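A short worksheet on the structure shown next.
The values are calculated or read from the model by the stated rules, or taken from the named source; none is laboratory data. All values derive from a computational prediction rather than experimental measurement. Positions of Cβ are generated from backbone atoms using ideal geometry, with glycine treated the same way; all protein chains shown enter the neighbour counts.
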Amino acid sequence: MPKLMTMALVLLSSTILPGVHTVHGADDSPYLIEKKKFRKSVRTVALAPLDVPDMFTLSAQMHQHLEAEATKALNKTRLKGVGIPVYQEIRTLFVQRVGGLRLDELDQKHRTAVLDHSKREMRLRHPVDAFAEMSLRAVSAAFADDRAEWDGVKRKVKSSGDGFSLFGGKNYQGSIAAASFQLAIYDRSDKLLYLQRGGIDVMQERRADKLVLREDNYLNDPKRLRKAVQMAFKPL
Amino acid sequence: MKHISFLMILMLFALPLQAARIKHIQDVKTLPENEAEQALWEIAVGHQDNIREEGRLVEDAQLETYLDTIGKRLLGNRLDHLDVQIKFIVVQNNLLSAWVYPYGTIAVNTGLLAGMENEAQLAAIIGHELSHFLQRHSYRELVADKRQSAVGKGLGLLATAAVAAKTGVVDTAMMQAGGLWSDLVTSGYSRKNEHAADAEGLALLAAAGYDQAQAIRAFEILKQNDAYGVVSPRLLWSSHPTLDDRLKNLQKAVRKAERKKGYQAGEVPDSDTYARAVAGAILRTGAQDLRERYFDRAASAFRKYVHAQPEDPRGYFLLGETDRLAAPDGPDFSRRVTAYQQAVQAREDYAPAYLELGMAARQQGQVDTARQAFERYLSLAPEAADVGIVRWYLENL
């Protein structure tokens with residue numbers, strides 16, 4: 001029976017957040033090319049502004065905090081960087097040129113145009129070896145006994161009601177949506193060279209036999225955010 | 001999505017008991033024989049629904065009609081004995097793959113359409129799938145070969161469906177159960193059934209007047225793709241059991257047929273006519289390869305497309321884009337510039353090519369050329385999302 005419960009949990013979980021990414025496990029190498037080759041070919045990077053998908057609510061203060069931590073983390077590596085403000089300046093200019101961005105779907109074309117043209121402009125102006133793109137991602141986290149583990153962190157899952165414990169005691173397991181900080185480094189022709197994530201917090205909580213999205217702001221803990229950034233940059 | 005009853009699931013678990021009643025079915029009316037087969041059909045419908053919901057179904061009536069013509073030619077008068085209508089769907093996927101659902105709908109991937117060189121080769125694959133259908137291999141494997149068949153492996157998913165049905169998430173459960181069908185589709189049938197479908201497929205091909213030797217070439221192409229190593233061999237149609245053995249069997253069968261008295265070679269259809277018929281699939285395959293950064297394969301598909309549709313600017317433009325995305329910094333811009341120029345030669349008002357001509361000229365410091373191209377772009381696409389940015393380029397040349 002516990003196995004069947006697991007299957008049901010996976011199904012329930014997948015219905016809530018269909019866009020969830022699969023876990024980039026802690027054992028996976030973050031390097032998509034040989035590490036030696038990466039170190040030889042990537043010496044300078046341009047750091048792009050943090051991308052926060054609409055599904056997340058991140059305060060301006062925490063946004064700034066994440067970008068500052070990322071800059072700090074990059075400076076601790078052997079890589080020389082073109083800072084976020086340089087990239088941001090181009091993006092801001094292009095956002096103005098398309099008449100500003102709104103959060104509705106109609107603006108998707110404008111967003112794509114801004115992202116594409118600003119990257120091309122960065123490429124033209126700055127002879128860096130690579131581009132580092134940071135984002136918040138929803139990932140799928142392994143979940144057992146009210147504990148979730150993913151991208152180098154373990155977090156307790158808030159639970160209320162009987163639900164699964166009625167059938168399977170505390171032995172149930174499955175997957176749950178969680179938030180991570182992701183660092184992806186691309187070469188000048190957009191080939192992915194490096195991908196690493198650091199876990200932040202779970203995005204769901206258990207209410208009886210259902211997993212529901214958390215209503216509290218789980219992206220408000222500066223320490224957790226800093227740790228996530230450090231994990232993503234550490235292998236560099 | 002239709003509801004799958006718990007009773008049907010129990011029936012599926014009880015199927016081995018019925019194995020002795022299954023007989024080889026050919027040239028007979030084809031409808032579900034019992035509740036278990038009906039359940040199998042529903043699972044297949046679930047898989048087909050997933051393809052549609054995920055946006056992978058290519059809606060191209062012309063292409064479907066073309067495939068329908070091939071199917072009818074292969075089946076000949078067998079069509080009179082079938083209670084179900086043979087249908088074709090085209091799926092956006094670059095794998096060289098095709099499969100048949102138990103109710104006679106044949107799914108053909110864009111990659112297969114683009115990969116074959118002529119109609120006879122495609123007919124060889126379709127004939128093979130039709131044979132699986134005529135011999136009800138999916139059902140036969142479910143009931144008679146549970147231990148080895150992919151369907152047998154997928155029974156666990158039906159248990160999931162049962163649990164989820166109880167918890168009220170039937171649609172999702174069916175979506176998962178559709179994985180059962182995926183399993184069958186991607187893993188292939190048993191060796192015995194593959195050989196049976198190869199033999200009958202070849203017979204259908206010959207009866208329809210196609211050159212049988214084209215089946216060998218079709219298999220060779222599948223094998224080359226297997227060797228390409230881009231995807232897991234397990235996922236390829238060509239990875240059904242013992243592809244080498246099947247190729248040898250086909251060669252033997254074709255040679256045997258050729259030695260027969262009164263043998264007449266079948267038709268080898270023109271490859272250009274074929275490329276024109278499946279041009280849409282070729283373009284889609286190239287575009288997918290480009291998105292997935294298989295630049296050589298994308299360029300090859302676009303070259304094939306411009307040969308088939310020289311009047312369409314998209315093929316030339318995408319050739320230019322392939323070159324740009326593979327080497328954005330150049331140093332050689334001539335190849336992409338030529339491709340963009342060919343695009344505007346094919347259609348003088350093709351705006352995207354002017355934008356890229358302008359971008360390439362700007363990158364090389366050719367101010368006048370860039371200005372001219374950007375101005376033309378703005379006049380042709382005044383509503384484009386990036387007009388403000390392009391105006392900025394113009395102001396700062």
| message | Let me confirm something: among B:314, B:376, B:371, B:347, which residue is without any contact (Cβ under 8 Å) to a residue 40 or more places away in the chain and closer than 19 Å to residue B:289 by Cβ? | response | B:314
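Rundown of residues vs (1) of a type outside the set (S, T, N, Q); (2) surrounded by fewer than 22 Cβ atoms within 10 Å (Cβ to Cβ), yes/no style:
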| site | (1), (2) |
| --- | --- |
| A:183 | yes, no |
| A:187 | yes, yes |
| A:191 | yes, yes |
| A:196 | no, no |
| A:199 | yes, no |
| A:208 | yes, yes |
| A:214 | yes, yes |
| A:225 | yes, no |
| A:228 | yes, no |
| Quick one: how many residues across segment B:317-370 are acidic (Asp, Glu) and in a helix (DSSP H, G or I)? | 4
| query | Is there a residue in segment A:161-181 that is surrounded by fewer than 24 Cβ atoms within 10 Å (Cβ to Cβ), assigned to a strand (DSSP E or B) and modelled with pLDDT of 95 or more? | reply | no
| said: Being within 19 Å of residue A:123 (Cβ to Cβ) and of a type in the set (Lys, Arg) is the filter here; which residues of segment B:337-376 pass it? | reply: B:362
| Residue satisfying all of: in segment B:323-337; touching a helix residue (DSSP H, G or I) at 6+ places or on another chain (Cβ under 8 Å) and not hydrophobic (A, V, I, L, M, F, W, C); farthest from the other protein chains (Cβ to nearest Cβ) among these | B:335
| said: If residue B:89 satisfies all but one of (1) free of Cβ contacts under 8 Å to residues at least 60 places away in the same chain; (2) surrounded by 23 or more Cβ atoms within 10 Å (Cβ to Cβ), what's the number of the condition it fails? | reply: (2)
| note | How many residues of segment A:41-67 are closer than 17 Å to residue A:184 by Cα and small (Gly, Ala, Ser)? The answer is 3
| request: Would you please list the contacts, defined by Cβ atoms under 9 Å and residues six or more apart or on different chains, that run from a residue in segment B:229-256 that is under 20 Å from residue B:122 (Cβ atoms) and modelled with pLDDT of 50 or more to a residue that is among the β-branched types (Val, Ile, Thr) and buried (at least 16 other Cβ atoms within 10 Å of the Cβ)? | output: B:247/B:216; B:250/B:216; B:251/B:216; B:254/B:216
| said: Give me the residue from segment B:340-368 that is surrounded by 15 or more Cβ atoms within 10 Å (Cβ to Cβ) and of a type in the set (Gly, Ala, Ser) and, out of that set, farthest from the other protein chains (Cβ to nearest Cβ). | reply: B:346
| message | Going residue by residue through segment B:373-388, is there one that turns out to be β-branched (Val, Ile, Thr) and away from chain A (no Cβ under 14 Å)? | response | no
| said: Being closer than 30 Å to residue A:99 by Cβ and of a type in the set (A, V, I, L, M, F, W, C) narrows it down to one residue among B:339, B:327, B:361; which is it? | reply: B:361
